[in-house]
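The values are calculated or read from the model by the stated rules, or taken from the named source; none is laboratory data. Please read all numbers here as calculations on a predicted model, not as lab measurements. No Cβ is skipped: glycine too gets one built from the backbone with ideal geometry, and neighbour counts run over all protein chains shown. SASA here: full protein model, heavy atoms, side chains in, ligands and nucleic acids out. Shrake-Rupley method; radii C 1.70, N 1.55, O 1.52, S 1.80 Å.
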Amino acid sequence: MDSSDVETVFVAGASGGTGRATLRLLSSRVPTVRALTSTPSKTDDLQAAGADEVVVDDLLNPAALAEALSDVDVVLSAVGSNITDVWSRDEYVDGAGTINLLDAAVDAGVDAFVMESAIGVGDEPASPLATAFDVVIQPIQRAKAEAEAAIRDAPVRHTILRPGVLTNGPRTDTVSVAEPGAKLWGSVSRADVARLMIASPVTPAAEDRTLEVVARPSFPNRALDIEWRLPRSGGSETVTVDTPDDDP
């Protein structure tokens, strides 16, 4: 997908940490940023964070997705459940909600779909950290796996990012990105994940791939060498994502 084709980006889960970081990065790079929230009172905050338009809807019971996705080029899904949802919900925005969003995106002719998933989702060999994720939040991980499978089967360009433990730290631009099964473990800031999310639709090497992502510790011997690109009004920008040399 050429960066010049990106005119409107739709951010689901916009009021979360990754979503807000995504809005801030996108606001100066694409003409229109459309944010989704299920809470009407967050509209002003999302506009202050960089959203040009705010849509209020519930992905588990959507009523306005067809209209909301009109003329959208890219969907970035940063939705996520809280650990307390494990005991209080029968279905999760990470699973059924993401699939509802995906179906609407395909119907609307969206060009690219990017999902923030989690390390440990899927059947590939996992690190101890990823295994712990599966034990503690198994229903949510299973829901994410179902959404991932639906995305891979859908007729839309996609990238699925599986970050490790998410932090609210600053963007480092220093991450390890690897194929599933690389057994990465560690943490990564939401700001770093947001950067990869907005880069994925215009980065050829990220097309139709599922990738594990961590920043600390680093894994240079397992990391892929990807030339990430960022959308920019009037063109594209090649960016460098460095990997430190230390390998624990």
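Accessible surface of segment 8-215, 1.4 Å probe: 48 percent of it comes from carbon and sulfur atoms. The reciprocal of the average 1/r between distinct C-alpha atoms defines the Kirkwood hydrodynamic radius, which for segment 46-192 equals 16.3 Å.
In segment 190-230, the C-alpha radius of gyration followed by the widest Cα-Cα span (Dmax) gives 10.4, 27 angstrom. For the chain, a Gaussian network of Cα nodes joined below 10 Å ranks E146, E67, E207 by mean-square fluctuation, and the top entry is E67. Entry note, the chain: relative contact order of 20 percent, from Cα contacts under 8 Å with a spacing of 6+ residues. Here are several values of Rg and Dmax of the Cα atoms in Å: (1) 18.9, 61; (2) 16.6, 49; (3) 17.3, 61. Which one was derived from the coordinates shown? Structure-derived value, by its label: (2). Note on the chain: GNM, Cα springs under 10 Å; of A149, A126, A108, the largest mean-square fluctuation is that of A149. What the chain shows is 43 Å² of accessible area per residue, with the surface traced by a 1.4 Å probe over protein heavy atoms. In this label model, T174 and D44 are separated by 4.0 nm, measuring between points 7 Å along each Cα→Cβ vector.
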